[in-house]
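Please read the structure below before turning to the comments.
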Amino acid sequence: MSNKLQVPVSKNEEVTVDIVGLTHEGEGVGRVDGFTLFIQGALPGERVRAKVLKVKKTYGYAKLQELLVESEDRVDAPCAIYKQCGGCQLQHLSYEAQLSWKRQHVVDNLERIGKLRVAAGPGDEGIVVHPTIGMDEPWRYRNKAAVPMGMAAVATGGDGDGLVSAERLVGGFYARGSHRIIDMDECMIQHSHNDEIVARVKEIGRELDITAYNEETGRGLLRHVMTRVGFVSGEAMIVLITNGDRIPQVDRWVERIREAVPNVKSIVQNVNKRNTNVIFGDVTRVLWGSEVIYDELDGIRFAISARSFYQVNPVQTVELYCKAVEYAALTGNERVIDAYCGIGTISLFLARKAGHVYGVEIVPEAIADAERNAALNSIENASFEAGPAEVVIPRWRKEGIVADVIVVDPPRKGCDEALLETILAMRPERVIYVSCNPSTLARDLRVLEDGGYRTIEVQPVDMFPHTVHVECCSLLVRKQ
Ligand code: SAH
């Protein structure tokens, strides 16, 4: 067969495409004579005119030129920088449609990767995948911003021969597909305090002639500004991530920030001198105020330090954790293991209803926070240990620790195989699997199913509206 027959489109050609799906990255999936084209911004059910950008053997990419038939679910993205930024991927899809797409995305993963049977309706035998729990107000939900800083040329006027330009400190986001920083004043998914804080810190930086780090030359001081705000407490932490130990006029910085940001409780410096995309370096020091800020989730107080993991959407976090507690069906005597426990958030929710909770987490600072948080809330039936879950839990088992319920909440790559084997060997009555990645969730559920567990239900929760991410809480029970 000639190549032409196999690939019916060529680069720069304009084609009319019917969109049949949405990838896990939010691109429209189109078909032209059976050939697949990925088109950013196109939605299922639409017919579009698009220009082919790149052609591979079995698929290609095209740029949306014109909507010929529009989806009923299409809305105008409210954010002015949506197309350039790339931080959100689904603002052009109505919120209702986002929620049902996320549920379907979970179902597809369970079926295709996990080879699991999902119930088609009430009374059907398979796994019940509930409708996604959405937000009433799906904007301004993030409690944390990490904003890259840069220098940008600005026109400052001039004579007839041309404009005179100067450089000024900017901060915002990387333009799609590049490392050029575009200045941004407002992000519609951030808590407004975070936007204000970043704007003030930029102004102060300009006043004090602070330079931004340049990743090509390795020069310049300020790399990122990180802010975190407690939704209940209103307390704010500001972390200045610098390419060097010394901040010129540091006292002036601190004084100006305290004047401009009345709710700041902690100003921290983190030093990162490495040429890397990783935001944080190893050295963290408090410049002013407390080492932690406090926040509250469903009446439990948490101390959060600069380097600890803390869920970014506190409203939906409460929904998620309450679902995990509901699935655990605790009566007061159960022994529960919380694997990948972070600062002990889920552990303390569970401890209110369990006999004893054992938390394990790989980051020692997070375990220190977890212990502090248990004490802060006078919770005495939770204990914590730092280390890899796949090493610590098998040891606990040898030491005779028994678990009625095991909760896991791993990072995107899912659970370590050794941990899954240990869960099967410990034979808890229930396993609650909290996951931020439906594909590794599906993979791990298959292992647990083969080992004697049945997945009863899966609850998707929309922790990250307008992005393609979805969080799930799943309940598994031992077969006999
Ligand atoms: N349950 C917590 C944290 C979830 S994020 C919460 O909801 O806040 C996943 C956590 O797993 C992170 O804190 C990360 O540091 C930790 N982690 C990553 N690999 C691990 C491993 N092998 N063993 C234990 N913890 C691990």
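The values are calculated or read from the model by the stated rules, or taken from the named source; none is laboratory data. Everything numeric here is computed off the predicted structure, so don't read it as measured data. Using ideal geometry, Cβ is built from the backbone for each residue, glycine included, and neighbour counts are taken over all protein chains shown. Accessible surface is based on the protein model in full, side chains and every heavy atom, while ligands, DNA and RNA are left aside. Shrake-Rupley method; radii C 1.70, N 1.55, O 1.52, S 1.80 Å.
May I ask you to give the solvent-accessible area per residue for the chain, in square angstrom, as obtained with a 1.4 angstrom probe?
Averaged over the residues of the chain, the accessible area is 47 Å².
Give me the percent relative contact order of the chain, please, defined on Cα pairs under 8 angstrom at least 6 residues apart.
12
Would you mind computing the Rg to Rh ratio of segment 267-367 from its alpha-carbon coordinates, Kirkwood style for Rh?
Checking Rg against Rh, the ratio lands at 1.05.
Hey, can you grab everything whose amide H is under 5 Å from the amide H of ILE456? Only 5+ residues off in sequence or another chain; H modelled, so Pro and N-termini drop out.
Long-range HN contacts for ILE456: LEU475, LEU476, VAL477.
Which residues in segment 343-358 have a backbone N closer than 20 Å to a point placed 7 Å from the Cα of ASN333 along the Cα-to-Cβ line?
Label zone hits: 350-358.
Checking the cross-link filter: which lysines have an alpha carbon closer than 20 Å to that of LYS265, excluding same-chain neighbours under 8 positions apart?
LYS144, LYS202
Please list, in chain and number order, the residues 5+ apart from ARG142 or on another chain whose amide H is under 5 Å from its amide H, with Hs placed from the backbone.
Here GLN190, HIS191 satisfy the definition.
Quick one: Karplus J couplings for segment 375-384, per residue in order, coefficients 6.51, -1.76, 1.60, θ = phi - 60°, nearest Hz, x for Gly and Pro?
5, 4, 9, 6, 9, 9, 9, 9, 10, 10
Can you compute the modelled spin-label distance between THR217 and ASP108, with each label point 7 Å from Cα toward Cβ, in nm?
With each label placed 7 Å out from Cα toward Cβ, I get 4.6 nm.
If you plug each phi of segment 419-432 into the Karplus form 6.51 cos²θ - 1.76 cosθ + 1.60 with θ = phi - 60°, what whole-Hz ³J(HN,Hα) values come out, in order, with x for Gly and Pro?
Going residue by residue, I get 5, 4, 4, 5, 4, 4, 6, 7, 6, x, 5, 10, 10, 10 Hz, with x marking Gly and Pro.
Taking a 1.4 Å probe, which of PHE464, PHE309, PHE173, PHE231 shows the most accessible area, and what order do the others take after it?
PHE309, PHE231, PHE464, PHE173
Report, in debye and to the nearest 20, how large the dipole of segment 14-69 comes out about its Cα centre when Lys and Arg carry +1 and Asp and Glu carry -1 on their Cβ.
The calculation lands at about 220 debye.
For ARG31 and GLU207, compute 0.36 nm times the residue count separating them, minus their Cα-Cα distance, and round to one decimal in nm.
58.0 nm
Only Lys, Arg, Asp and Glu count, each charged at its Cβ (+1, +1, -1, -1), so figure out the dipole size of the chain about its Cα centre, rounded to 20 debye.
About 1140 debye.
Using only the alpha-carbon atoms, what does the chain span along each of its principal axes? Please give whole angstrom values in decreasing order.
Principal extents (largest minus smallest coordinate, Cα): 85, 69, 38 Å.
For ARG397 and VAL69, compute 0.36 nm times the residue count separating them, minus their Cα-Cα distance, and round to one decimal in nm.
Extra length available between ARG397 and VAL69 comes to 112.1 nm.
Based on the Cβ-Cβ distance from ARG301 to ARG47, what FRET efficiency comes out when R0 is 60 Å, to the nearest 0.05?
Efficiency at R0 = 60 Å is approximately 0.65.
Mind ordering 211-219, 117-125, 88-96 by average Cβ neighbours within 10 Å, highest first?
88-96, 211-219, 117-125
Spelling out what I want: for every residue of segment 171-186, take phi, set θ = phi - 60°, compute 6.51 cos²θ - 1.76 cosθ + 1.60 (Karplus), and round to whole Hz; glycine and proline get x.
x, x, 8, 7, 4, 3, x, 8, 10, 7, 8, 9, 5, 9, 9, 9
If I compute solvent accessible area with a 1.4 Å probe over the protein chains, what percent of it on segment 144-297 is carbon and sulfur?
47
Under a 5 Å amide H to amide H cut-off, with H placed in plane at 1.01 Å, what residues pair with GLY359 once short-range neighbours are removed?
Residues meeting the criterion, in which the H sits 1.01 Å from N, are ASP338, SER383, PHE384, GLU385.
GLU326 to GLU457: extension gain in nm, 0.36 nm per residue of separation minus the Cα-Cα distance?
46.0 nm
If one computes the Cα centroid of segment 419-480 and of segment 227-283, what distance in Å separates the two points?
37
Sequence gap at least 6, Cα distance under 8 Å: using those rules, report the relative contact order of segment 313-478 to the nearest whole percent.
21
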